[in-house]
Amino acid sequence: MGGPAGGPGVDPDSTAQVITQSHSSAPHPRGAAGRDEAEPRDYRAAFAVARAAMALLSPEGDVLAANPALATLLGAAPERLAAVGAGALLGLAGDPHARAAFHDVLTGRRDRLRCTRRITRQDDGGDVLAEITLSRTGARPLLLTVEDVGERDALREQLRHLRMHDPVTRLPNRALFFERLTDACDSPPGRGTGRIGLCYLDLDGFKAVNDTLGHRVGDELLAAVARRLLACAEPGGHLVARLGGDEFALLVRDSTGTGQATALAESVLTALQQPFDVAGQRLAVSASIGVVEREVPGSSATGLMQAADTTLYWAKADGKARWTLFDPERNEHRMTRQALSRTLRQAVERGEFVLDYQPLVALGTGELRGVEALVRWEHPHFGRLSPGRFVGLAEEDGSIVQLGRWVLAESCRQARAWQLAYPATAPVVSVNVAVRQMWDSDLVADVARILQENALPPRLLQLELTESALMGSAGRPLQALHALHEMGVRIVIDDFGTGYSNLAYLSRLPVSALKLDGSFVQGFRHAEHPNPADETIVEALVDLAHRLGLTVTAECVENAEQAERLRRIGCDTGQGYHFSRPVPPAAIAGLLG
C-alpha cells in the first residue's frame, strides 16, 4: 500500500473538502445557500469531536485524516497517523487472512470488514486490543473505526467471574463446576488418564448451626470449610466448588483410579474432624461424601452428578460422617425399586398380580388344614417378583391398601371355589393384612362385603397381622379386630416372638392362633446338634398359647426331623418347604382331591 495521497501533512481544509464531496450527492431539501457552507463545517466538527476513534482512508488504503480520538487511542498526533498507511497502522502485515480481507474492501470485492486485533501504540510501545471496522459506500472515502475493547473484555471477564463464583466462599459455583465437569467429560480419547473422579459432599449438622446461630455465622462456617477443602485439593490440583447450600464438590481430572478419589474423600473427612472457631463459637460439623470414579468415555456431567447424588444419599443412610463409593449393583437395585414404585398402582389395575398358596399341614395327621395366600407380581419387564421386592414399596406409598383389597377379594373367591369343589376338605385361607390397611381403609366393611359377594363362610377366612402391628392396638384398630372376630373371621399373629416382649396383649386381643417365626425353628434342623434354648422357648410358647386357647403354627419347616420335633413339643400345624413350596391354585386342588 502506498503512502498518504496528500503527503505527510494533510490540509484540514482538503479533508473537509473530501468529507463534503463524500456527501455532496444528497439533495438539499432547502435551497438556502447557507446550507452548503454549513455542511462541511458540521461534518468536520462531528469528525473532530467524536468519541469514536475514526479515520478516512483513500481507495489505496492510505489515511486521509484521523480524528483526535484515534490519535489518543494509538498514542500519536493526528498528522503522524496520516503519514502512515492503514495496513501498517493496524498491524496487518503479519496476518495474511486479515490483510486479504482488508484489500477486498479497498478494491470493492466486499463492503465491510470487522475484526479484532492487537495494535501497537506509537508512544509507549504498548498494545491495544481493538475491534476494527472498515466500511465503504460507492466511490467515497472508506471509513475506518477503531474501538478499544480491552476494558470491555476485562469488565466482561470480571462479570463472568462474579457470575461463576460463590460470593460466600469465593469458590467456583454450580454453573462453573458443571462447565468444567462437562469439559472433562468431553476430553478426546487418548488425552490424560482417560478417567475422572468426583467427590460430592454435604455437611452433617449445618442446618442446626444456621437455625440456632443465624446465617451470618453459617456463612462464616461455610467459608472456613471451603478453606479446608482447598487445602485438601490443592496438592493434587483438583477443583473445589460450592454447589449451593452446604453442598460442595471436588473434581478429579485425569484420575489414577478409585483409590485416588477415595483417598481425597478420606482426607476431607479428616480435615473436617477438627472443630471450627467461628464468631466466638466452637462449632463441629462432619460431612457425608458420595464418591464416583469411572472412565471418561461413556460418561456425562449429568450422569456423574446423578451417580454422586445417589452415593451421597447412601452415605447419609449408612450413618453419615463417612464416604461411600458408587456401587453399580446397589444402584441397579435402587433404579429397579424406583421403577416398581412408579408402576405399582397401575399394576393392580392392569391385573399383573397373581396368588400362590402354601399349605398349612397338621403335624399330627399330615392333613391339609389351610393355605396362606402369597402375592406375586408378574412384571412385564422384571419377570415374577416375590413380595419382598414390592410390598415394602406399597406400604410406603399407600398402594398396599388397594393391593391388599385385591388379595383379600381374590383369596376369598378362590376359597369359595375350593369349598364348592371339596366341601368336606375345603381349607381355611390365610391372608396377610398390612398395618396401613388397618388405618387407611375400612377393613371390616371390605371383609364383610367380599365375604358376602363370594358367599364364603367367615370360618374359612383368617387374617394374619404381624406382632408389631398388633402391639399397642387401641381405638379403631382394636374395634376392627373385635368386629372381625365377632363376624367369625379368625385373627392370627404372624412372626410371633420377633416383635415386642409384652405378652399382655394376648389376653386383650381376639386372637385365634400364633405363627412362630422361622428363626425359632432353625435350631430344630439337625437332631445331632439341637439348640436347647430354641427348643425351650418354642415349648414354652406353645404351652402358653394352648393355655390361652390358641393354636400354634410353626413356619419354615424344612425337613422331617424339624417336623417331628415340633410335633412332639405340641405345635399344631407346620408350614414350609418340607410340606410344599407356594404353588398355584391348581396344585392345591390336587392335594385336596
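The values are calculated or read from the model by the stated rules, or taken from the named source; none is laboratory data. The shown structure was predicted, so the numbers you read here are calculated from the model rather than taken from an experiment. Heads up, the Cβs are rebuilt from the backbone with ideal geometry, glycines too, and the neighbour counts pull from every protein chain shown.
Overview of results
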item: Residue count for segment 77-98, restricted to those that are in contact with a Leu (Cβ under 9 Å, 6 or more places away or on another chain) and part of a loop (DSSP other than H, G, I, E, B); result: 2
item: Test set (1) surrounded by fewer than 17 Cβ atoms within 10 Å (Cβ to Cβ); (2) of a type in the set (Lys, Arg); (3) under 24 Å from Ser288 (Cα atoms) - Arg195 fails condition number; result: (1)
item: Output for segment 287-336, where each listed residue is of a type in the set (S, T, N, Q) and surrounded by fewer than 19 Cβ atoms within 10 Å (Cβ to Cβ); result: Ser300, Thr302, Gln306, Asn331, Thr336
item: Residue pairs meeting the criteria (Cβ under 9 Å; at least 6 apart or on separate chains; first surrounded by fewer than 13 Cβ atoms within 10 Å (Cβ to Cβ), in segment 166-187; second at pLDDT below 90 and assigned to a strand (DSSP E or B)); result: none
item: Some residue of segment 50-59 being among the hydrophobic types (A, V, I, L, M, F, W, C), free of Cβ contacts under 8 Å to residues at least 40 places away in the same chain, in a helix (DSSP H, G or I) and more than 15 Å from Pro141 (Cβ to Cβ); result: no
item: Lone qualifier among Gln358, Gln346 - being in a helix (DSSP H, G or I) and either surrounded by fewer than 19 Cβ atoms within 10 Å (Cβ to Cβ) or in contact with a strand residue (DSSP E or B) (Cβ under 9 Å, 6 or more places away or on another chain) (or both); result: Gln346
item: Residue tally, condition assigned to a loop (DSSP other than H, G, I, E, B) and either under 20 Å from Ser299 (Cα atoms) or among the β-branched types (Val, Ile, Thr) (or both), over segment 187-222; result: 8
item: One residue from Ser411, Ser386, Ser399 being among the polar types (S, T, N, Q) and over 30 Å from the mean Cα position of the chain (by Cα); result: Ser411
item: Qualifying residue in segment 569-576 (condition: of a type in the set (Asp, Glu) and modelled with pLDDT under 95); result: no
item: Any hit, segment 424-433, residues being over 23 Å from Asp495 (Cβ atoms), surrounded by fewer than 16 Cβ atoms within 10 Å (Cβ to Cβ) and in the same structural domain as Ala587 (by TED's automatic domain parsing); result: yes
item: Complete set of residues in segment 93-131 that are touching a residue at least 12 places away in the same chain (Cβ under 8 Å) and hydrophobic (A, V, I, L, M, F, W, C); result: Ala98, Ala101, Phe102, Val105, Leu106, Leu113, Cys115, Ile119, Val128, Leu129, Ala130
item: Filter result (of a type in the set (Lys, Arg) and over 10 Å from Ser288 (Cα atoms)) within segment 298-330; result: Arg330
item: Residue tally, condition among the charged types (D, E, K, R), in contact with a Gly (Cβ under 7 Å, 6 or more places away or on another chain) and closer than 17 Å to Leu142 by Cα, over segment 64-123; result: 1
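Residues checked against (1) modelled with pLDDT under 70; (2) crowded, with 19+ Cβ neighbours inside 10 Å; (3) touching a His at 6+ places or on another chain (Cβ under 6 Å); (4) not assigned by TED's automatic domain parsing to the domain that holds Leu443:
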position	(1), (2), (3), (4)
Ala474	yes, no, no, no
Leu481	no, yes, no, no
Met487	no, no, no, no
Asp494	no, yes, no, no
Leu514	no, yes, no, no
Phe520	no, yes, no, no
Thr536	no, no, no, no
